[in-house]
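This report refers to the structure that appears directly beneath it.
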Amino acid sequence: MLNSDMSRLHAPPSASSAPASARETATPAGSGPAQDPLADVLNLVRLTGALMFLVDASDPWCVDIPHTNAYRAILADPGQHVLSYHVVLEGSGLASIPGEAPIRFNRGDVLVFPQGDGYRMESAAGTPPEFSAEEVVDFFENLTAGRLPSIVPEGGGGDPRALFLCGFLSCDARPFNPLLARLERRLLVSPSERTDDSLQRLIDITRTEIQSDQPGSRSVRLHLCELIFIETLRRHVLSQAPASEGWLGALTDPVAGAAITAIHADPASDWTLERLARQINTSRTVLTERFAGKMGQGPMQYVTSWRLQLAARQLRDSRSSIAEIAWSVGYRSEAAFSRAFKKMAGMSPGAWRRIG
């Protein structure tokens, strides 16, 4: 079990020990009304729509999407991560990633590839891909530059046909993105009776926007790309996540989810394992076991990781001093904060700020 005394090294300082400018201007990160952890994470990791298009596929069809290393520079800022999803509007097929068996998808499903793996989508097993990896990368470059239409024909011209709404997004992966931590390499999110038609409405609007191609359409499509992804995550949380590991699974666990919500509501608080367990009315043993079982890390490790992600955003977006930022996320000293930040991010807070 983690030593609760160790967590006090990162406890928020008293007002008198904080930097003078911090006492006057800084607000502890996350203070105020109780937070929505999913909204917190999506905002903090700068989830941004990068590309949105329709694929009209005729039988037989197959496409190999290479690992995001091959095209990340086209769709994202340096150092960012790229993930993708595909909404199945019509038809069915198979989806596979290296090292795992193919899965079948059908109309209404959403396939999500969150970890950047290469993947194959095809009408039937053994169908040869129509384009090489180099041609796929060229396609991304030309579509992003506006040199290609946003409705893409593919395949051999036969029936049955399939229609996909394809979205690619960028986000921050460092120093800590809880959404990506322990998330499966491939998600299949199917329609659920427990969800309303919010996702379908977004899909219909996006499809119309792509087909109409009005002025300003690209900007609208990229915002819709983000909204569809968020709504897909919400559907996943409501349906499949309770049985899954990772951060989304932890959100729906009564113990781990309550702990995450408490931490996000006040990350700079003087958290110890005992205090956090008392806050959510459980024992330290149960808290540690349930949290680690979902997240693969203990609750106090999560406190540290989340504080440092909050600090990373402030370093990039604010003009506060490093000492002020350290105080706002719960560190007594700038030196302790800098050591922890460098351990997680691989560079000092100052270096992180300089690279933007």
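Tabulated data
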read-out	value
Residue, nearest to THR127 (Cα to Cα), within segment 83-110, restricted to residues that are acidic (Asp, Glu) and touching a strand residue (DSSP E or B) at 6+ places or on another chain (Cβ under 7 Å)	GLU90
Tally of residues being without any contact (Cβ under 8 Å) to a residue 40 or more places away in the chain and touching a strand residue (DSSP E or B) at 6+ places or on another chain (Cβ under 9 Å) across segment 200-218	1
Failed criterion for ALA145 (all others in (1) buried (at least 18 other Cβ atoms within 10 Å of the Cβ); (2) under 26 Å from the mean Cα position of the chain (by Cα) hold)	(1)
Which listed residue is touching a Lys or Arg at 6+ places or on another chain (Cβ under 6 Å) and either at pLDDT below 95 or among the aromatic types (Phe, Trp, Tyr) (or both), from ASP77, ASP159, ASP172, ASP117	ASP172
Residue match in segment 308-317 (condition: surrounded by 15 or more Cβ atoms within 10 Å (Cβ to Cβ), among the charged types (D, E, K, R) and in contact with a Ser or Thr (Cβ under 6 Å, 6 or more places away or on another chain))	no
Residue check, ARG235 in the same structural domain as TYR119 (by TED's automatic domain parsing) and crowded, with 18+ Cβ neighbours inside 10 Å	yes
Conditions (1) out of contact with any Gly (no Cβ under 9 Å at 6 or more places or on another chain); (2) closer than 23 Å to GLU231 by Cα; (3) at pLDDT 95 or above: number failed by ASN106	(1)
Total residues in segment 334-349, condition loosely packed, with under 12 Cβ neighbours inside 10 Å and either among the small types (Gly, Ala, Ser) or in contact with a strand residue (DSSP E or B) (Cβ under 8 Å, 6 or more places away or on another chain) (or both)	2
The lone exception for ALA292 - which of (1) crowded, with 20+ Cβ neighbours inside 10 Å; (2) not in a loop (DSSP other than H, G, I, E, B) it fails	(1)
In segment 273-297, the residues that are without any contact (Cβ under 8 Å) to a residue 40 or more places away in the chain and of a type in the set (Phe, Trp, Tyr)	none
Boolean, GLU141 is assigned to a loop (DSSP other than H, G, I, E, B), in the same structural domain as THR232 (by TED's automatic domain parsing) and either in contact (Cβ under 8 Å) with a residue 40 or more places away in the chain or not charged (D, E, K, R) (or both)	no
Members of segment 111-138 found to be surrounded by 15 or more Cβ atoms within 10 Å (Cβ to Cβ) and either on the phi > 0 side of the Ramachandran plot or not assigned by TED's automatic domain parsing to the domain that holds ALA70 (or both), listed by number	GLY116
Boolean, SER219 is more than 16 Å from TYR85 (Cα to Cα), out of contact with any Leu (no Cβ under 6 Å at 6 or more places or on another chain) and of a type outside the set (Val, Ile, Thr)	yes
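The values are calculated or read from the model by the stated rules, or taken from the named source; none is laboratory data. What you see is a predicted model, and the numbers here were worked out from it, not measured in a lab. All Cβ positions, glycine included, derive from the backbone under ideal geometry; neighbour counts span all protein chains shown.
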